[in-house]
Amino acid sequence: MRHKTGIMKPILFLSFVIAIRSTLFAQDFTQTIRGTVIDKDSKQPLNGATVQLINETKPTGTITDEKGIFRIIKVSLGRKIVKISYLGYEDRLLSDIIVNSAKEVILNIEMIEKVISSKEIVVSAKVIKSSANNELVMVSGRSFTIDQTQRYAGGFGDPSRMAASFAGVAGGGNDQRNDIIIRGNSPTGLLWRFEGADIPNPNHFSSQGANGGPVSILNNNLLANSDFLTGAFPAEYGNANAGIFDLKMRNGNNEKREFISQLGFAGLELLAEGPLSRKKGSSYLISYRYSTLSIFNALGIKFGNSGIPQYQDLSFKFNFPQTKAGSFTLFGMGGISSTQLLDSRKTSEERLKLIFPQDVQFNSKMGVLGIGHLVQLGKKAYIKSVLTVSGDGNRALVDTLDKNNQAFYFLNRNTIGGKIAVHTFYNKKFNAKNTLKTGVIATRLNGVMIDSLWLNTLKAWYKRLDFKEETFLSQAYINYNYRIAQDVTFNAGLHTSYLFLNHTWSVDPRAGMRWQLSTKQSVSAGYGKHGQIQPLLTYFTRTLADTFNNVFIQTNKNVGMSQAQHFVLGYEIMINETTRIKAETYYQYLYNLPVTQNPSFFSTVNFGADFIPVFVDSLVNNGKGKNYGIEITLERIFSKGFYYLFTGSFYESKYQASDLHWRNTAFNGNFVINALAGKEWKVGRTKNNTLALNLKVTYAGGRRYIPIDINASAQTGVVVYDFYHAYQNRQKDFFRTDLKFSFKKNSKHFTQEFALDIQNIFNTQNILQQNWNPQTQKLQTDYQIGFFPVPFYRIYF
C-alpha cells in the first residue's frame, strides 16, 4: 500500500490543532431543543402539553402553544431524557436525546389518549421504549434510533448491520454483506418500506436473488426513528413473509441552516439542511456520499491488483407542511456502484491456485422518487398518500481465462426492475378506544432480464433468460384497533393481494393483543397469515420445449404466492425504569412454496443463500416449511453513562421439497447470541466532550452448506455435489468481537467526532465457504473478513 503522506499529514495535523485549540479555550456551551406535540391517531396539535427535562440540576421545561410547538433554550450538552405530559393522555419519556453544540434537537412527538375505566391500571411512562412506533404492532417489533445505528460497534452506520444485533435476527452468513435472516427465513422475505412506499433493495452492489449488499444506500444521518418487525405484522404490510423495515426520513431544520461532513466506511459525505420558507415552516434535507475507497485510490493508496469498488448515492427530502391543499413532501434516494475483480492482473503462480480464473465486471443501480401528501379531514381523521417511481438494475460481465491468460466471454447478464406505485390510506380516530385504518396499494411491476452463457464447445451464446414483461399487483387492507381498557389493546385486520399476471389471490387475516398485567409486566400475542409473490425472474424462467426449432415455454407463469402463518406469544417485564427482559416464542408454518415437479431438494425457501439469481423451471406450489424458536432480550438503555444489550435466539428452520424429505433450510443456524455494551465518559474542563467505548460479541451457528462428494469430484475432475444431504451440516460456529472507540469534541460553532471501529478484533477465522479445486484436487476454504479497522471522522457545523 502506497500513501500520499504529503497530503495526509497536513489534514491530520489540522484536525489535531483544532481539537487542542478547542480544549484550551473550553466554554460551557448550550443548545436548543424544540419541536411539536400531536395526537398520534388524529395528527392534531396538542395545546398546553408540558415538555420538561428530567434528572437535571434545575427544573427545565416549557408548554406547547396552539400549534403544538415548544422550545427549550440554553440546554446543557450531553444525553437527555425528555418527559411530555398532557391532561387525558399517556405520559411519554424520550431517552437518548443527544444534545451537541452545533446542531439543534428537533423532536416530533406523538401522544396516545388515555382510556378511562373504573378498573384502570396506572401505566407509568417508561424511560425505555421497547415497542414499535406503529401502535398496531403488538408483537415482534421494536423501534430504533439514529443513535443506535451510529453507536453499535461493527455497525458502520448501517441499519441492517445494527438490526443483526436484535433478537430473532442473524447476519446473512457473509461479513462482507448486510443481508439479514429473520427467524430462519430467506432474506428475500424482507420488505423495505421507505416513507410509506415499498421500495427495491436499498444497497450498493445488489443483485437479483439477494436483499442486501456490502454497502447500504440508506443514510442514517437522514433517518428518523423507525421500526423493525420480525413476525405477525399488522394488516397494512403485505407481500412479505419474513420481516419489515419501516423507515422514516426526518425533516430538515426549518429555522436555520446546518451541515454535516463525514468520512468513514460508507464514503465521504456532505449533508445540508435548512429552511425554504421560515414563515411556512418548509425545509430541505439533502446528502451526497462518494466512495471512500475511490478517494484513497485517487490519493495513491492502492488495494491490490483488483479494481477499486466505486459507489455514490444521493438522498433528499423537501417538506412543505403548510399549504392550502395539506402538507406535501418530495423525497428520493438513489445510488450507483461498480467494481472489477480481475484475475488476469495476478501472477501466473497466483492464478494456478484459483479454481476458475475470471475477469468480472459488475455494476448496479437503485433509485426511488416519491411525493407524499397528507390532508386533515376534520379533527378526527386524515388521508395520507404516497406516489413513487422506483427501480433497480445490475449488469455482470464475466470473462473466463484460459491457461495463456487469454479472456473469452462466459457470462453476460443485464437486469432491470421497476415499479410505479401509489399507497393511500384513511385513518379515523372515533375516540380513545377505537381507531380504524384502511388503505390500498396499487403497483405496476416491470422487468427486463437478458442472461446469456457462452458455450465454448459450440462457439455460440445460449440465452438462459430473455424477457421484457410487466404486470400489476393490487393490495388492500383494513385494520381496527380497539383499546378495551387502558391496560388491554386488541386489533384485527385483513390484507388482500391480487397478482394480475396469473390471477392469483392471497387473503391474509391478522390479529394482535397486548395486556398490561401491572405497571411492570405485560403479555402479548399475535397471529398473521402472509402471502408473497415470487421474483419476476421466477415467473419468466423458460423451459426448452423444442430443441430443433429452439422453442421455449414459460412453465412457471402460473406459480402461486408463497404463504406463511405466524403465531407469536410474548412476555415483558421491567426490572427497573431503565432495564427490561423480553421473551418471545413463535411458530411459523410455510406452505405453497414453489418446488420442482420432479423429486429434488430444491425449494424457493432457500432463495438468497448464494446471493445470485436462480433459474429453475417447471415449479409447482407443493413445498412446505416450518420455523419455530424462542428469543430472549435483556436490555438497559443508555443511562448514567452506560448501556448493554444481550439477545439470544434459539430456533429450527426446516423445509420439505418435492422429494418429500424434511431438511434444514440454508438459513438454519440454530442459534445466535449477541452481547453489546458501551460506556461514555464526560471529559474536558467543562465536561462538554465525550469519550466512548462500545463492544459487540457475536456467537452463532455456522452456515449450512451442500456437501461436495470428494471421491466423485476427484474421479471426474469437476466438482460433484451431494444434493441428497443438502444443508445437513453446518460450518464451524461463527464468533466475532467488534470494538469501537470514539471521541466527541464540542466547540462553539461546530462539533467533531473521531472514531475507530475495529471489526473482528481477534482476527477469528470464520469459514465463508468451501470449494473443490481441480488444480490441487482438494477442498479450498474461503474465510470471512479478518481484523478490519475502519477510521471515522464527522463534523457538525
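Placing +1 on the Cβ of every Lys and Arg and -1 on the Cβ of every Asp and Glu, with no other charges, gives the stretch 691-778 a dipole of roughly 440 debye about its Cα centre. Compute the Cα gyration tensor for the stretch 208-281, then decide on rounded, prolate or oblate, letting a ≥ b ≥ c be the square roots of its eigenvalues: rounded whenever a/c is under 1.5, prolate when a/b is larger than b/c in the other cases, and oblate in all that remain. Judged from the Cα gyration tensor, the stretch 208-281 comes out oblate (a/c at least 1.5, b/c at or above a/b). Straight-line cross-link partners of LYS654 among the lysines, defined as a Cα under 24 Å from its Cα and at least 8 positions apart when in the same chain: LYS529, LYS624, LYS626, LYS732. The slack in the chain from ASN456 to ILE630, taken as 0.36 nm per residue of separation less the alpha-carbon distance, amounts to 57.5 nm. Extension gain, LEU263 to VAL718: 0.36 nm times the residue separation minus the Cα-Cα distance gives 159.3 nm. Decide, for the stretch 334-445, between rounded, prolate and oblate: order the square roots of the alpha carbon gyration tensor eigenvalues as a ≥ b ≥ c, take rounded if a/c falls under 1.5, and otherwise choose prolate if a/b is larger than b/c, else oblate. Prolate shape, in that a/c is at least 1.5 and a/b is the bigger ratio.
For the chain, the relative contact order comes to 11 percent (Cα pairs under 8 Å, sequence separation of at least 6). The modelled label-to-label distance between THR323 and ILE708, using points 7 Å beyond Cα along the C-beta direction, is 5.9 nm. Against the main long axis of the alpha-carbon atoms of the chain, helix 5-24 sits at an angle near 20°. Take the Cβ atoms of VAL422 and LYS256, set R0 to 35 Å, and the FRET efficiency comes out at 0.50. For a paramagnetic label modelled on PHE743 (point 7 Å from Cα along Cα→Cβ), amide N atoms under 20 Å away belong, within the stretch 249-272, to 261-265.
A crude spin-label estimate for the pair ALA476 and PHE797, with each label 7 Å from Cα along the Cβ direction, gives 5.6 nm. Multiplying the residue separation of ILE116 and GLN780 by 0.36 nm and subtracting their alpha-carbon distance yields 232.3 nm.
Rounded to the nearest 0.05, the FRET efficiency derived from the C-beta distance between ALA407 and PHE548 at R0 = 30 Å is 0.35. Figure note: THR686, THR647 ranked by solvent-accessible area, largest first, 1.4 Å probe, ligands and nucleic acids not counted: THR686, THR647.
Taking square-rooted eigenvalues a ≥ b ≥ c of the alpha carbon gyration tensor, is the stretch 638-741 rounded, prolate or oblate, where a/c under 1.5 means rounded and, failing that, a/b exceeding b/c means prolate? The shape class here is prolate. Apolar share of the accessible surface for the chain: 59 percent from carbon plus sulfur atoms, 1.4 Å probe. When shorter helices are ignored and each DSSP H run of at least 4 residues is given -39500 (n - 2.57), the per-residue value for the chain at 222 nm works out to -2000 deg cm²/dmol. Between LEU501 and PHE472, the built amide H atoms are under 5 Å apart, and every one of these is 5 or more places off in sequence or on another chain.
Only one item in (1) 44, 33, 25; (2) 61, 39, 22; (3) 84, 32, 29 matches semi-axes √(5λ) of the Cα gyration tensor in Å derived from the coordinates shown, and that item is (1).
Look at the dipole of the chain built from charges on Cβ: of ALA396, ASN746, LEU341, the Cα furthest out on the positive end belongs to ASN746.
Given +1 at the Cβ of Lys and Arg, -1 at the Cβ of Asp and Glu and no other charges, the dipole of the stretch 655-697 around its Cα centre is 500 debye to the nearest 20.
Here the label points at THR57 and ILE673, each 7 Å from Cα along the C-beta direction, are separated by 4.4 nm in the simple model. The heavy atoms of LYS687 offer some 110 square angstrom of accessible surface to a 1.4 angstrom probe.
ILE484 contributes an accessible area of around 80 Å² to the protein surface, as traced by a 1.4 Å probe with all chains present. Within the straight-line cut-off of under 18 Å between alpha carbons, the lysines reachable from LYS745 are LYS80, LYS103, LYS679, LYS682, LYS687, sequence neighbours fewer than 8 places apart in one chain being disregarded.
The values are calculated or read from the model by the stated rules, or taken from the named source; none is laboratory data. The model shown is predicted, which means the values in this text are computed figures rather than measured ones. Neighbour counts run over all protein chains shown; Cβ positions are idealised from the backbone, glycine included. When the accessible area is computed, the model is the full protein with side chains, heavy atoms only, and any ligands, DNA or RNA have been set aside. Shrake-Rupley method; radii C 1.70, N 1.55, O 1.52, S 1.80 Å.
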